[in-house]
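First up is the structure itself, then whatever we jot down about it.
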Amino acid sequence: MNIVIAPDSFKGSVSAMEAAVAMEKGIKKCLPDAQTFLVPVADGGEGTMDSLVAATKGQKMEVTVVGPLHTQVKAEYGVLGDGKTCVIEMASASGLTLVPADLRNPMMTTTFGTGQLIKKALDEGYRQFILAIGGSATNDGGIGMLQALGLQLLDSTGKPVGFGGAEVQRIAVIDDSTWDTRIAEATFVIASDVQNPLIGPNGASRVFGPQKGATPEMVELLDRHLNHWADLVEAKTGVRLHDRPGAGAAGGIGGAFQAFFPAAMERGIDIVIRYTGLREVLQKADLVFTGEGQIDFQTASGKTPMGVAQEAQKAGIPTFVLAGSIGQGIEELYQYGIQSIHSIVNGPMTLEEAMERAPELLAQKAEQVLRTYLAKGRK
């Protein structure tokens, strides 16, 4: 039996490769002669750079940048095996995992470091970019990233505004006289599964702000600030971000890329599937195992398990999903080729314990699922 194992990372616990190895261990315990194909994947969030670099035998470069809390952090960008394509993972420079839970505050967190990564890659001569923008800690509309690349955002007195979502409201003038002209020479593919507009009930602030530390009061302020920013951007560029699909991705940086870059948005999982060769591997598969830390209604927006299942469905192959936790709204996932969804938690335990034991729990659940599948096939 040929089994493809293509999970995402279980954030804060195991990488996509570690998850795949753990699943393989359980599968081999049940079926020692199984031919397994490990294809760790991602959907535009954390792990996307690692997945693409590993799949293409590329390399990673380390850069010191300004992190989300305005302090220096070590970040990375990837260069694919073709030696031409640069992968920028926003989470590396401006990610939520860089901010301790008690310091999360999107009124102050900045995307400046993400802009520095892009600038460094431009300095090194790269002109083809994949920008993975999941996992951000920010809600600044991308202004920090734009500032790092030379866009001057000035207040009513002509002075540059500072960092963070709170500063967006102070912008009075967008001055592009020192904007990095190399951006116009480059191509940018934005890897994101988010279709939310910039503002409103489904916008960046209301939907994603709370998980980044925003209080209800902050959410309202941030939404008003981004509305002000969208007005300025429309007046400057003619691009209306207010209700533009994808503009709300990563705290509004999706909109900044759409307005100021020669950029096209694409589902992150589709990019990863293309570069990892998953589609070709699936042609010889009998079963697929995938998974990630949380499965819920958001999974249907293009996250890893759904993207993998959709590809498997095209080839008529059943897909099993293993998850750290299962939330509401999973029913619609079954129409995309998912056979069943299983929580790896096998009894009462704390989140910390579940995360620590993830490899063991993944192996155990993969074995159980496969045994059940094989038993049904014998009837």
Here the relative contact order (percent) of the chain, from C-alpha pairs under 8 Å and at least 6 apart, is 19 percent
Counting other C-beta atoms within 10 Å, which of 193, 175 has the fewest, and how do the rest follow?
-> 175, 193
Cross-link partners among lysines for residue 119, C-alpha distance below 19 Å, same-chain residues fewer than 8 apart left out?
-> 60, 74, 84
Hits among lysines - C-alpha to C-alpha of residue 376 under 25 Å, sequence gap 8 or more where chains match = 25, 28, 29, 284, 314, 365
Ascending count of other beta-carbon atoms within 10 Å, so fewest first, for 30, 86 | 30, 86
Evaluate the relative contact order of the stretch 48-266 (contact order divided by residue number), counting alpha-carbon pairs under 8 angstrom at least 6 apart; express in whole percent.
-> 19 percent
Amide H contacts under 5 Å for residue 172, placed H, 5+ residues apart = 154, 155, 156
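Please give the per residue volume of the convex hull enclosing the alpha carbon atoms of the stretch 1-94, rounded to a whole number of Å³.
Details: hull volume 9.3 nm³, N = 94.
Cα-based convex hull of the stretch 1-94, divided per residue, equals 99 Å³.
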Within the P(r) computed for the stretch 3-56, what percentage of the Cα pairs occupies the region above 14 Å?
-> 51 percent
How long is the stretch 278-343 along each principal axis, judged by its Cα atoms, biggest number first, in Å?
-> 33, 18, 16
Ranked on Cβ counts within 10 Å of their own Cβ, fewest leading, 120, 376 go 376, 120
Reduced Cα scattering model of the chain, Debye log10 I(q)/I(0), q = 0.07, 0.08, 0.14 Å⁻¹ = -0.31, -0.41, -1.13
Provide the per-residue ³J(HN,Hα) series for the stretch 307-321, in order, calculated from phi with Karplus coefficients 6.51, -1.76, 1.60 and θ = phi - 60°, each as a whole number of Hz, with x at glycine and proline positions.
-> x, 5, 5, 4, 5, 5, 4, 4, 9, x, 10, x, 10, 10, 10
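Semi-axes, largest first, in whole Å: what does sqrt of 5 times each Cα gyration tensor eigenvalue give for the stretch 113-224?
Each semi-axis is √(5λ); the values are 25, 20, 11 Å.
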Rounded to whole angstroms and listed largest first, the alpha-carbon spread of the stretch 48-266 along its three principal axes comes to 46, 38, 31
In the chain, what percentage of the DSSP-assigned beta bridges are antiparallel, given to the nearest 5?
-> 35 percent
On a 0 to 90° scale, report how tilted helix 16-30 is relative to the longest principal axis of the chain, with both axes built from alpha carbons and the result rounded to the nearest 10.
-> 10 degrees
Which whole number of Å³ per residue matches the convex hull of the alpha-carbon atoms in the stretch 44-155?
-> 91 Å³
In deg cm²/dmol, rounded to the nearest 500, the helical mean residue ellipticity at 222 nm of the chain, built from -39500 (n - 2.57) for every DSSP H run of length 4 or more, is -10500 deg cm²/dmol
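Just so you know, all these numbers are worked out from the coordinates, no wet-lab data involved. Quantities reported herein were computed from a predicted structural model and do not represent experimental measurements. We place every Cβ from the backbone using ideal geometry, glycine too, and count neighbours over all the protein chains shown.
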